[in-house]
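Notes follow once the structure below has been shown.
Derivation of every value follows stated rules applied to the coordinates shown; laboratory data play no part. Predicted model, so just to flag it, every value in this text is computed and none were measured. Here Cβ is always computed from backbone atoms with ideal geometry, including for glycine, and neighbour counts include all displayed protein chains.
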Amino acid sequence: MMWLAGPGLDGRTLGWAFFDGTAGKGPQLVADPPYDTGVAAMADGWRMIQMSQLIPPYPGLERETSFLKHEFVFERMVDLPA
């Protein structure tokens, strides 16, 4: 998952989380975001789905924990060695 600074895919990457569904047999990714923007990830073969609802918080709840704005899920399929 990637969190961007704004709703546009050309926005700066703020955070990155990675789940390896290959049990370690796939490519190894670094802990820091490997892409500066969502556009850069898509150019490298990742598919994207926007996840967060863009609903403003109720007045008085601006500081409460809730969904993260500008959350995107990126997926890339890779061939594994036999």
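Residue count for region 1-47 satisfying the condition of being of a type in the set (Lys, Arg) and not in a loop (DSSP other than H, G, I, E, B): 2.
Among the residues of region 1-32, those identified as surrounded by fewer than 12 Cβ atoms within 10 Å (Cβ to Cβ) and among the polar types (S, T, N, Q) are Thr22, Gln28.
Figure legend. Inter-residue proximity from region 31-47: first residues touching a residue at least 24 places away in the same chain (Cβ under 8 Å) and under 12 Å from Trp3 (Cα atoms), second residues of a type in the set (Lys, Arg) and not in a loop (DSSP other than H, G, I, E, B), beta-carbon distance below 9 Å, spacing 6+ or different chains. Indicated pairs: Asp36/Arg12; Thr37/Arg12.
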